[in-house]
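The structure appears right after this line, and notes come after that.
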Amino acid sequence: MEPLYEILAPYFEPDATASARPVPINTSSANYLSRLGSLSLSDLTTTEPASLLHAAQSHVRNLQALSKRSHKAVISSAGHLENLRDLLPDFTTGSHGLQADLPTLETAASNFALKYDRSSDNAVLDRRKRAMLLARNVDRVSDVLELPTLLSSAVSAVQNASTTTSASTSTTSYASALDVHAHIKRLQTLYPKSELVANVSNQGEAEIQNLTSILIGTLQSPGLKLASAMRTIGWLRRVAPELAETDEHSSVAPLSTKSFDMSTKQQGDDGALGTLFLLCRLRTLHITLGALDPLRELAEQETSTSAGGQSERYLKRYIEIFREQSFNIVSMYKSIFPGGLPTAEVNVTIAASNIDSASRPSPVASFTLHLAEMLVATLRQYMHNITDRSARESLLTQVLYCAGSLGRLGADFGMMLAVLEAELALASESTATDGEPEWAAVMKKHRIQAGRLEVLARRVGTSARKSSLDMRSPGATASASG
């Protein structure tokens, strides 16, 4: 066994001693040695070499097949195994660094959890919640931000409709603008502390102010009709309700004469709308009368020694425009603001209390007084240039007709001609044959003509009624004639 031991010794563990049985390196070696011990000598010399050769060849073929089939994996595994020698030290160093950083990581995690704890008030979390809420409601916020633009478009449509005088389009545009503005006011009521809603509300108020300006401009149009004026005032009541607000007040009589036939008690709740309407129409009247500036300039160039033809032309045209426009203004005011007119009867006790309260006069009463003063001022300035008696009488008659037209509305100012003639000293220079003032003679002629026209109108009306009755009952006429 010694030679066999020497032969097989390299295959045993190197630390084996002679007293102990050598341990094989692997189980395959141990199994083969056990098998060799079981074979006979003849088998060892005859069959075992052939078996070993066959096994060696089989292993070679298997290795060849394995190398052909898995040579790429084997090469890759060999390369990884070679790199593993460098990776293991790096891995060891990284593990030591991670172990050293774990306390710091744990401390940072604890601080993060404490900072973003939901159980307590946290400004960062609140900011993030608001950002998430804004992200979820971005469509609604966009709709709110578009409200001023939508209102501006509606106001622009109103302006375009007012220029094209389309009543239906204008009504639709006004309704759209008011609906959008009402929605903005509702949002402001629901969210009074929101800066976004406050900004949108401010922009909406600016657009509503623009719409109010457009409506006021409509009241100043030269060709304003009653229907359009009533619609415009109605929209102003809704667009600018502060204009319709009023205080409980009465007014003191602007005039002591009875020609205006107006008391001082003012009724109604239209606030400043009535005054605004009168001011707008007064501006339009001034613009219309301003078109007579060429005639006015010619009249100003005349002197008292000239015939006064240019002054007569200017005053005649001035009175015509004044009569038409003043009647339209006062009549429209009475139709639009029936509750804001002065009453015909005044209680003495109420009037005394009103005087004590120092309240304002009626707008229409003050307005008609201003109209009369404006006309008288113009007559006072240019009447003295006219020396022809017939021309003066014609102008005074025209003024009386103007006063009569306003008199049908309760604002007759015909008696102011006496004051005018006294100021111009016409009575000392031009009197009738019986010595009466010129204005008195003109007023008598005017009353005679007005009486004749009234009698003629009554006759025409009576004859028309009789003819209608005759047409309705022909049998009665036949029986009466029989």
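Read-outs throughout are calculated quantities, based only on the coordinates presented, and are distinct from any laboratory measurement. This one's a predicted model, so the numbers in the text were calculated from it and none came from an experiment. Methodologically, a virtual Cβ is constructed for each residue, glycine included, from the backbone with ideal geometry; neighbour enumeration extends over all protein chains shown.
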For Val74 and Asp101 in one chain, what is 0.36 nm times their gap in residues minus the Cα-Cα distance, to one decimal in nm? 5.9 nm
Packing-based exposure ordering (other Cβ within 10 Å, fewest first) of Met383, Met132: Met132, Met383
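Compute the Rg/Rh shape ratio of the range 135-219: radius of gyration over Kirkwood radius, all on alpha-carbon atoms. Please report the intermediate quantities before stating the final value.
Numbers: Rg = 14.0 Å, Rh = 13.4 Å.
Ratio value, two decimals: 1.04.
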With θ set to phi - 60° and the Karplus curve 6.51 cos²θ - 1.76 cosθ + 1.60, what are the ³J(HN,Hα) couplings of the range 368-383 in order, to the nearest whole Hz, using x for Gly and Pro? 5, 4, 5, 4, 4, 5, 5, 5, 5, 4, 5, 5, 4, 7, 10, 5
In debye, nearest 20: dipole of the range 55-107 around its Cα centre with unit charges on the Cβ of K, R (+) and D, E (-)? 740 debye
Quick note, the range 79-160: a/c under 1.5 would make it rounded; otherwise a/b > b/c is prolate and the rest oblate (a ≥ b ≥ c, C-alpha gyration tensor); here it is oblate
Between Gln57 and Ser335, what is the label-point separation in nm under the 7 Å Cα-to-beta-carbon projection? 13.2 nm
Short version: ³J(HN,Hα) in whole Hz for each residue of the range 147-153, in order, from phi by Karplus 6.51 cos²θ - 1.76 cosθ + 1.60 (θ = phi - 60°), x for Gly and Pro, what are they? 4, x, 5, 5, 5, 5, 5
Which ³J(HN,Hα) values in Hz, rounded to whole numbers, follow from the phi angles of the range 40-54 under the Karplus curve 6.51 cos²θ - 1.76 cosθ + 1.60, where θ = phi - 60° and Gly and Pro get x? 7, 5, 5, 5, 5, 8, 9, 8, 5, x, 5, 5, 5, 5, 5
